[in-house]
Amino acid sequence: MHDADLRRPLRLVEFDDLFVSSLTRLTTVEGEVRMTLRGDTGLYDRVRDLATRESTCCSFFTFIVDGTETVVDLSIRVPPARRDILDALAARASEVSGVTATTAEGAV
């Protein structure tokens, strides 16, 4: 088993913690999930670090991290063949955070 595979459960816990503590908005669009996260100073670095580690393991993810130290916009994209994984991630974020996902207007 590769080190990245062994660390996957740890990243899942980190994502759950991030969603529980910081997720305030969750929007789904065809092939993309957009999240707004709010938290303490250092949130931007925390999100960027987690996104980097996840994309190293699973290169089909594209993460775009933007914002400030305390308010972060996170966009996650995947190719059409990986859409089920993105949908599962959005469902998990909604479930653990209690934030209801919305669909972006104009999305097809």
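Closer than 22 Å to ARG83 by Cα, hydroxyl-bearing (Ser, Thr, Tyr) and modelled with pLDDT of 90 or more: does that describe THR56?
Working: closer than 22 Å to ARG83 by Cα: yes; hydroxyl-bearing (Ser, Thr, Tyr): yes; modelled with pLDDT of 90 or more: no.
In short, no.
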*Unique match (being within 13 Å of ILE85 (Cβ to Cβ) and touching a Leu at 6+ places or on another chain (Cβ under 9 Å)) among PHE15, PHE19*: PHE15
*How many residues are surrounded by 11 or more Cβ atoms within 10 Å (Cβ to Cβ), out of contact with any Phe, Trp or Tyr (no Cβ under 9 Å at 6 or more places or on another chain) and closer than 17 Å to LEU12 by Cα when one looks only at the range 63-89?*
2
*Among all residue pairs at least 6 apart or on different chains, which show Cβ distances below 8 Å where the first residue, located in the range 48-61, is among the basic types (Lys, Arg) and the second is not in a helix (DSSP H, G or I)?*
ARG48/VAL65
*Filter the range 42-62 down to residues that are hydrophobic (A, V, I, L, M, F, W, C), within 15 Å of LEU18 (Cα to Cα) and in contact with a Lys or Arg (Cβ under 8 Å, 6 or more places away or on another chain), then give me how many there are.*
1
*Failed item, numbered, when ARG92 is tested on (1) surrounded by fewer than 13 Cβ atoms within 10 Å (Cβ to Cβ); (2) touching a residue at least 40 places away in the same chain (Cβ under 8 Å); (3) under 18 Å from VAL20 (Cβ atoms)*: (1)
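The values are calculated or read from the model by the stated rules, or taken from the named source; none is laboratory data. No experiment lies behind these values; they were computed from the predicted model shown. Because the Cβ atoms are built from the backbone with ideal geometry, glycine has one as well, and the counts that use them run over all protein chains shown.
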